[in-house]
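Notes follow the structure.
The values are calculated or read from the model by the stated rules, or taken from the named source; none is laboratory data. As the structure is a computational prediction, the values presented were derived from the model and not from experiment. In this analysis, Cβ positions are derived from the backbone assuming ideal geometry, glycine residues included, and neighbour counts consider all displayed protein chains. These area figures cover heavy atoms from the full protein model, side chains too; ligands, DNA and RNA do not enter into them. Shrake-Rupley method; radii C 1.70, N 1.55, O 1.52, S 1.80 Å.
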Amino acid sequence: MRMPRRGLVIQARTRWLLVGLALLFSLVLLMYLLECAPQTDSNGSLPGVVGESMGKEYYQALLQEQEEHYQNRATSLKRQIAQLKQELQEMSDKLKSLQEKKSPKVSGMNYQGTKEQTSNDLLEFLHSQIDKAEVSVGAKLPSEYGVIPFESFTSMKVFQLEMGLTRHPEEKPVRKDKRDELVEVIEAGLEVINNPDEEDGQDEDDGVGDRQLYSENDFIEGYYRTERDKGTQYELFYKKMDGMEYRHVTLFRPFGPLMKVKSETVDISRSIINIIVPLAGRTEAFAQFMQNFRDVCIHQDKRVHLTVVYFGQDGLSEVKSILESVARETDFHNYTLVSLNEEFNRGRGLDMGARAWEKGEVLMFFCDVDVYFTAEFLNSCRLNAEPGKKVFYPVVFSLYNPAIVYANQDIPPPVEQQLVHKKDSGFWRDFGFGMTCQYRTDFLTVGGFDLEVKGWGGEDVHLYRKYLHGDLMVIRTPVPGLFHLWHEKHCADELTPEQYRMCIQSKAMNEASHSHLGMLVFRDEIEAHLRKQAYRTNSEAVG
């Protein structure tokens, strides 16, 4: 009887041991969940005064927004942990494979050496992906269609070129994976800035208390693009509310965890922009342009020089009068008026404007009289052009004909109220390369514009191709602060067949959206339908 009793005792002890292990595991799991769960602020109160107008839905929306923020943070941390675990597993598998190939028995010293070699091989591969991608230097491309454009984003919105029939030029990231990706990237940039290493140029003796820490609220804007065989590049910009220094962080995800490429401080406080505008006639448009210039450049930015290159004599006195009036009223004298008594040539005008500057190196913004820009765009211009390294080719948001867009109103709203990114209000002008920010030395080095191009269009594409065929990096991305205002376009008979085709294409695309053009095409059919409906309604009322 002793043997069975001892067996029962061992069996009972084993059972209790398993129960204890299960309880211990449950306790550890509970502690983990409590640790990873987002904390709520029990002392916080909802803003505003409780009233009938607010309603239950308002507070639910606020709570949901806070909940989504913490969930995004927790999800980002969990995803990074999962990525690290996956990397460790892959490295272990690779190490095991190497061990099996070399010898079934590996000493401790050889094991450690093999492990380090595996880690070095992995890092070497990831860095080779960065070297292959167009991150630090430009790539020579065959045509203007070869460049991979960036898409720009803020903490709330994404500005995208590829829209199709369902996406919008400006929208919040709908897919959860895209939201999580951008949140992770912004947080990774903050980690790089707030915890710099030696290669970032920060002084090791500076303590955390002496160093300015950045938060999510300091994120200004970012750009990203994906090279399908290499990875995704992110350009991130952060700035304190009361400062002029920007922190620029470049990250690259080589189809794996994010890798830091560089982190630097960009001081744009002394960066002057020479805004060059070629013009012939169109004095009313110039007066409107100068109103925007006064508000943005003189009152806000205060670091610009204006160069107007005017062709012909008709309207020249009016342009001089407008410039002198602005100078008297604002005490602004940083402008140059170049007069050319010849036929209008945009490339010739911009080339003359660039060469008229006699104070050495300067950042130039090639602009048109129909372009509306913001102070934020001028800073984007400064941040994305660098002498000898990169030029900035922003994609302009081109507004449709306001008479069609706002046909249901008595008169179109003021220009400032038309500046919205909607499918029926405009489109990203991704076939236009006329608006650009580049340094004077880079412009002169590539040879400037092809001055043989006459009349409308073509000169900007030739210059763009020169940069694509060279070593400079071309930053191509839609920007929210740059608009092309609609104006009547005339395609002259003197244009070459290629120029005339481009002009007509531009004219058609500038007029209205697909849906609005469709309404115009079927206008007679719609009006006939409305008349029938009105007749039926009147007949039923009489009957």
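Per-residue answers, yes or no, for (1) closer than 20 Å to LEU279 by Cα; (2) at pLDDT below 85:
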{"position": "LYS454", "(1), (2)": "yes, yes"}
{"position": "VAL474", "(1), (2)": "no, no"}
{"position": "GLN499", "(1), (2)": "yes, yes"}
{"position": "LEU517", "(1), (2)": "no, yes"}
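Residue pairs whose Cβ atoms lie under 6 Å apart, sitting 6 or more positions apart in sequence or on different chains, and linking a residue in region 241-254 that is assigned to a loop (DSSP other than H, G, I, E, B) to a partner that is open to solvent by less than 10 Å² (accessible area, probe 1.4 Å), are PRO254/GLY231. ASP351 satisfies every condition listed in (1) assigned to a helix (DSSP H, G or I); (2) under 17 Å from ILE272 (Cβ atoms) except (2).
Restricting attention to region 354-388, the residues being among the aromatic types (Phe, Trp, Tyr) and either in a helix (DSSP H, G or I) or under 15 Å from the mean Cα position of the chain (by Cα) (or both) number 1.
Selection of region 216-240 for residues being open to solvent by 50 Å² or more (accessible area, probe 1.4 Å) and in a loop (DSSP other than H, G, I, E, B) yields ARG228, ASP229. All of (1) buried (at least 17 other Cβ atoms within 10 Å of the Cβ); (2) touching a helix residue (DSSP H, G or I) at 6+ places or on another chain (Cβ under 9 Å); (3) farther than 30 Å from MET244 by Cβ hold for PHE344 with one exception: (2).
Results for (1) open to solvent by 10 Å² or more (accessible area, probe 1.4 Å); (2) in contact with a Phe, Trp or Tyr (Cβ under 6 Å, 6 or more places away or on another chain), shown as yes or no for each residue.
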position	(1), (2)
GLY360	yes, no
CYS367	no, no
ASP370	yes, no
PHE373	no, no
VAL395	no, yes
PRO412	yes, yes
PHE431	yes, no
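Contact map, region 340-366: first residue small (Gly, Ala, Ser), second residue surrounded by fewer than 18 Cβ atoms within 10 Å (Cβ to Cβ) and assigned to a strand (DSSP E or B), Cβ cut-off under 6 Å, separation 6 or more or different chains; pairs are ALA356/THR336; ALA356/VAL338. The set of residues from region 493-524 being open to solvent by 40 Å² or more (accessible area, probe 1.4 Å) and in contact with a Cys (Cβ under 8 Å, 6 or more places away or on another chain) comprises TYR500, ILE504, LYS507. Only one of the listed residues (VAL261, VAL277) is touching a residue at least 60 places away in the same chain (Cβ under 8 Å), in a strand (DSSP E or B) and more than 19 Å from ALA356 (Cβ to Cβ). That residue is VAL261.
When region 230-254 is filtered for residues that are hydrophobic (A, V, I, L, M, F, W, C) and farther than 20 Å from VAL474 by Cβ, the ones remaining, listed by number, are MET241, MET244, VAL249.
One line per residue, one yes/no per condition, for (1) closer than 30 Å to PRO142 by Cα; (2) assigned by the TED database to the domain that holds ASN384; (3) of a type outside the set (S, T, N, Q):
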{"position": "ARG465", "(1), (2), (3)": "yes, yes, yes"}
{"position": "HIS469", "(1), (2), (3)": "yes, yes, yes"}
{"position": "ILE475", "(1), (2), (3)": "yes, yes, yes"}
{"position": "TRP486", "(1), (2), (3)": "no, yes, yes"}
{"position": "THR496", "(1), (2), (3)": "yes, yes, no"}
{"position": "GLN499", "(1), (2), (3)": "yes, yes, no"}
{"position": "ILE504", "(1), (2), (3)": "yes, yes, yes"}
{"position": "MET509", "(1), (2), (3)": "yes, yes, yes"}
{"position": "HIS514", "(1), (2), (3)": "no, yes, yes"}
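Kindly evaluate SER339 against the criterion of being assigned to a strand (DSSP E or B) and of a type outside the set (Asp, Glu). Criteria met by SER339.
Restricting the first member to region 309-333 and to residues that are not assigned by the TED database to the domain that holds ASP295 and part of a helix (DSSP H, G or I), and the second to residues that are of a type in the set (Asp, Glu) and open to solvent by 90 Å² or more (accessible area, probe 1.4 Å), no beta-carbon pair is closer than 9 Å while six or more apart or on different chains. Checked against the criteria, VAL249 does not count as open to solvent by 20 Å² or more (accessible area, probe 1.4 Å) and at pLDDT 90 or above.
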